[in-house]
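Quick notes on the structure that follows.
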Amino acid sequence: MGLRILTINGGSSSIKFGLFEPGQQADRPQRILSGSIERIGQPDAVLQAKGFKVEETVSQSVDAMDHKSAAVCLMDWIQKHLGDTTVSAVGHRVVHGGPTYSAPARITDDMVAELERLSTFDPEHLPEEILLMQEFHRRFPTLPQVACFDTAFHHDLPRVAQLLPIPRRYEAKGIRRYGFHGLSYAYLMEELERLAGPEAAQGRVILAHLGNGASLAAIHHGQSIDTSMSFTPTSGIPMSTRSGDLDPGVIWYLARTEGLQAESFNKMVNFESGLLGISETSSDMRDLLASEKRDVRAAEAIAVFCYQAKKWIGAFAAALGGLDHLVFAGGIGEHMSLIRARICEGLGFLGIEIDASRNESNAPVISTPSGRASVRVIATDEELMIARTVCRVLGLDPKKES
């Protein structure tokens, strides 16, 4: 039946998946199916899928009390609904590659063992991601699988951006700035080159991936030179439930005054902070925008988010020595014109001038023609980037396979 790539994006309580087949261009496979298993670990877990040829949207309850049972449900569903079609390879998003992995690679037993060793770097994601690899290998032992690391895009950050200002001995243990959202950033840079040309992609670029997880990256000559997330995805700007950067002294203070333990602190800064922590009502920017006029907590949560994003843009422009292109992506970055406007307000000294009507309509280019820096809105697509990466790593040629 030709080349088909299955993409897997495992989260702490969900598994997103997609199926791709050859497009008209070798490097632009077409999505023919997308879906997810949500609420893993809950009795109301559900599998949803849409877009597989002429089938209607599917939504069904599944028994997914953990990631292993969820993986089994997914594989059963795939085998049943793909019928006599074949999957040529599987691509997995792996959030953290640690110091070991600087590029996507085919999954082997040795890689799985190394990722298990690295799981302390990212206990929120790596264990479940490893389990998904193992379950797919158990069901489909001859099917090639590829690990696509979110940290790989930033692996070669300049030393001055990599190093953390703590005793040097910890660097030998792998504690450094890694950066995340690398699959999104790689996709955005390829899209920027496609839309604006190679010269734009070689310029001074700031990418703002603003969603439930949010980060920014500074790119020069197509290479990441700095990024807001650091050793973990908790750092950087405030997010839906993550704190972003925080004074380390807060840990010691809460430990002394409230007896807060490390596990509780980790839970607080990852799941109870950010927009949710400040607003005390919601982690969803849409809810906060709807209530900001009557709830000062919602207004302050939005203000802190926009202020911190603006600060990072200014800092990265300084690191880049100027700015040629600013790109917004992610659920907030792509769809919330008011947030983009507030972030860009006052950045005229960087050459950023926003066209209000273009911004309001989520146009591809929202800057004015007279602005020195272009400001774009590009819909990111991590799953498509995984599919492209799998083809490149395995040397798959869609034209020959179709």
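Among the residues of segment 126-135, write down those that are open to solvent by 30 Å² or more (accessible area, probe 1.4 Å) and either within 21 Å of the chain's Cα centre (by Cα) or closer than 25 Å to residue 270 by Cα (or both).
Here is the first cut: in segment 126-135, the residues open to solvent by 30 Å² or more (accessible area, probe 1.4 Å) are 127-128, 131, 134.
Selection gives 127, 128, 131.
Considering each of 196, 201, 186, 217 in turn, give the residue that is open to solvent by less than 10 Å² (accessible area, probe 1.4 Å), among the aliphatic types (A, V, I, L, M) and touching a residue at least 40 places away in the same chain (Cβ under 8 Å).
Values: 196 fails: open to solvent by less than 10 Å² (accessible area, probe 1.4 Å); 201 fails: touching a residue at least 40 places away in the same chain (Cβ under 8 Å); 186 fails: open to solvent by less than 10 Å² (accessible area, probe 1.4 Å).
Among 196, 201, 186, 217, only 217 is open to solvent by less than 10 Å² (accessible area, probe 1.4 Å), among the aliphatic types (A, V, I, L, M) and touching a residue at least 40 places away in the same chain (Cβ under 8 Å).
Could you identify the single residue in 229, 239 that is in a loop (DSSP other than H, G, I, E, B), touching a Ser or Thr at 6+ places or on another chain (Cβ under 9 Å), closer than 21 Å to residue 102 by Cβ and open to solvent by less than 20 Å² (accessible area, probe 1.4 Å)? Even if it seems obvious, please write down each step before you answer.
Values: 239 fails: closer than 21 Å to residue 102 by Cβ.
The match here is 229.
So if I check each of 113, 103, which one is modelled with pLDDT of 95 or more, over 22 Å from residue 34 (Cα atoms) and under 18 Å from the mean Cα position of the chain (by Cα)?
Details: 113 fails: under 18 Å from the mean Cα position of the chain (by Cα).
From the options 113, 103, the qualifying one is 103.
Would you check if there is a residue in segment 141-161 being more than 22 Å from residue 317 (Cα to Cα), out of contact with any Ser or Thr (no Cβ under 9 Å at 6 or more places or on another chain) and at pLDDT below 95? Taking every residue of segment 141-161 in turn, at least one turns out to be more than 22 Å from residue 317 (Cα to Cα), out of contact with any Ser or Thr (no Cβ under 9 Å at 6 or more places or on another chain) and at pLDDT below 95.
One residue stands out among those in segment 318-327 that are touching a residue at least 24 places away in the same chain (Cβ under 8 Å) and surrounded by fewer than 22 Cβ atoms within 10 Å (Cβ to Cβ): the one that is farthest from residue 245 (Cα to Cα), which is 324.
Does segment 271-278 contain any residue that is in contact (Cβ under 8 Å) with a residue 12 or more places away in the chain, within 21 Å of residue 308 (Cβ to Cβ), of a type outside the set (Val, Ile, Thr) and in a loop (DSSP other than H, G, I, E, B)? Full working, then the answer.
Taking segment 271-278 and keeping what is in contact (Cβ under 8 Å) with a residue 12 or more places away in the chain, we get 271-278.
So of that shortlist, the ones also within 21 Å of residue 308 (Cβ to Cβ) come out as 271-278.
Keeping just the survivors that are of a type outside the set (Val, Ile, Thr) gives 271-277.
Filter once more, keeping what is in a loop (DSSP other than H, G, I, E, B): 272-273.
Within segment 271-278, one or more residues are in contact (Cβ under 8 Å) with a residue 12 or more places away in the chain, within 21 Å of residue 308 (Cβ to Cβ), of a type outside the set (Val, Ile, Thr) and in a loop (DSSP other than H, G, I, E, B).
Filtering segment 169-182 for residues that are open to solvent by 10 Å² or more (accessible area, probe 1.4 Å), modelled with pLDDT of 95 or more and among the aromatic types (Phe, Trp, Tyr) leaves a non-empty set. Criterion applied to 123, 127 was being on the phi < 0 side of the Ramachandran plot and outside any helix (DSSP H, G or I), and the one residue passing it is 123.
For residue 321, the criteria (1) touching a helix residue (DSSP H, G or I) at 6+ places or on another chain (Cβ under 9 Å); (2) within 28 Å of residue 102 (Cβ to Cβ) hold in every case but one, which is (1).
Candidates are the residues of segment 360-381 that are open to solvent by 30 Å² or more (accessible area, probe 1.4 Å) and either among the acidic types (Asp, Glu) or outside any loop (DSSP other than H, G, I, E, B) (or both); the one that is nearest to residue 18 (Cα to Cα) is 376.
Identify all residues within segment 144-156 that are of a type in the set (Asp, Glu) and not in a loop (DSSP other than H, G, I, E, B); write none if there are none. Before you say what the answer is, go through the steps one by one.
Within segment 144-156, the subset of a type in the set (Asp, Glu) is 150, 156.
None; the set is empty.
Filtering segment 64-98 to residues that are exposed (fewer than 15 other Cβ atoms within 10 Å of the Cβ) and at positive phi leaves only 83.
Given the condition polar (S, T, N, Q) and crowded, with 19+ Cβ neighbours inside 10 Å, answer yes or no: does some residue in segment 150-160 qualify?
Among the residues of segment 150-160, at least one is polar (S, T, N, Q) and crowded, with 19+ Cβ neighbours inside 10 Å, which makes the answer yes.
Checking each residue in segment 287-301 for being open to solvent by 80 Å² or more (accessible area, probe 1.4 Å), in contact with a helix residue (DSSP H, G or I) (Cβ under 9 Å, 6 or more places away or on another chain) and either outside any helix (DSSP H, G or I) or basic (Lys, Arg) (or both) picks out 293, 297.
The values are calculated or read from the model by the stated rules, or taken from the named source; none is laboratory data. Because the structure is a prediction, the values reported are computed rather than measured. As a convention, Cβ positions derive from the backbone with ideal geometry for all residues, glycine included, and neighbour counts pool all protein chains shown. Ligands, DNA and RNA are stripped out before the accessible areas are found, and what is left, the full protein with its side chains, is counted by its heavy atoms. Shrake-Rupley method; radii C 1.70, N 1.55, O 1.52, S 1.80 Å.
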